[in-house]
Amino acid sequence: QVQLVESGGGLVQPGGSLRLSCAASGTTASLNVMGWYRQPPGKQRELVATILTGGTTNYANAVKGRFIISRGNAKNTVTLQMNSLKADDTAVYYCKTTKFGLDYWGQGTQVTVSS
């Protein structure tokens, strides 16, 4: 079992920055991939970014050049630095990992970009 806890969401003005963090606990060995997804109001959940243990990253086109995903030294934490935020980035952001073919999700954290 893996538990994921996100933190760092909130309200920010357009053009501002936020930093989301996710900490995994439980059986955290072999968490090869960790990532962030988001669900905008009235829309389906979508990929934001993923990162492998070795550091390989993947970003959705909508966030490339603005968001940076990184993992902690212990490899059981993942951070999403979000810059130049836009109203379209408003969503509930979820942390996700996969272990032995099972997906684990955090509870989500709200990010609202509004003036």
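No value in this document is a laboratory result; all are computed from the given coordinates. Note that the structure is a prediction, hence the values are computed from the model and not measured. Heads up, the Cβs are rebuilt from the backbone with ideal geometry, glycines too, and the neighbour counts pull from every protein chain shown.
The phi-based Karplus calculation (6.51 cos²θ - 1.76 cosθ + 1.60; θ = phi - 60°) puts the 3J(HN,Hα) values of the stretch 40-55 at x, x, x, 10, 7, 5, 9, 5, 10, 6, 9, 9, 8, 4, x, x Hz, whole numbers, x for Gly and Pro. Charge dipole of the chain (Cα centre as origin; +1 on each Lys and Arg Cβ, -1 on each Asp and Glu Cβ, all else neutral): 140 debye, rounded to the nearest 20.
You can think of it this way: the chain between ARG19 and THR53 has 10.2 nm of extra reach, that is 0.36 nm per residue less the Cα-Cα gap.
With a cut-off of 11 Å between beta carbons, the residues surrounding TYR93 carry a summed charge of 0, where Lys and Arg count +1 and Asp and Glu -1. Straight Cα distances below 16 angstrom link LYS99 to the lysines LYS75, with same-chain residues fewer than 8 positions distant left out. Classification of the stretch 2-81 by its C-alpha gyration tensor yields a prolate form. The axis ratio a/c (a ≥ b ≥ c) is 1.5 or more, and a/b outweighs b/c.
In terms of Cα to Cα distance under 17 Å, which aspartates and glutamates are near enough to LYS64, apart from those fewer than 8 places away along the same chain? Reachable aspartates and glutamates: GLU46, ASP88, ASP89. The stretch 52-115 and the stretch 8-26 have Cα centres spaced 9 Å apart. Gain on full extension, evaluated as 0.36 nm per residue between ASN61 and GLN44 minus their Cα-Cα distance, stands at 4.5 nm.
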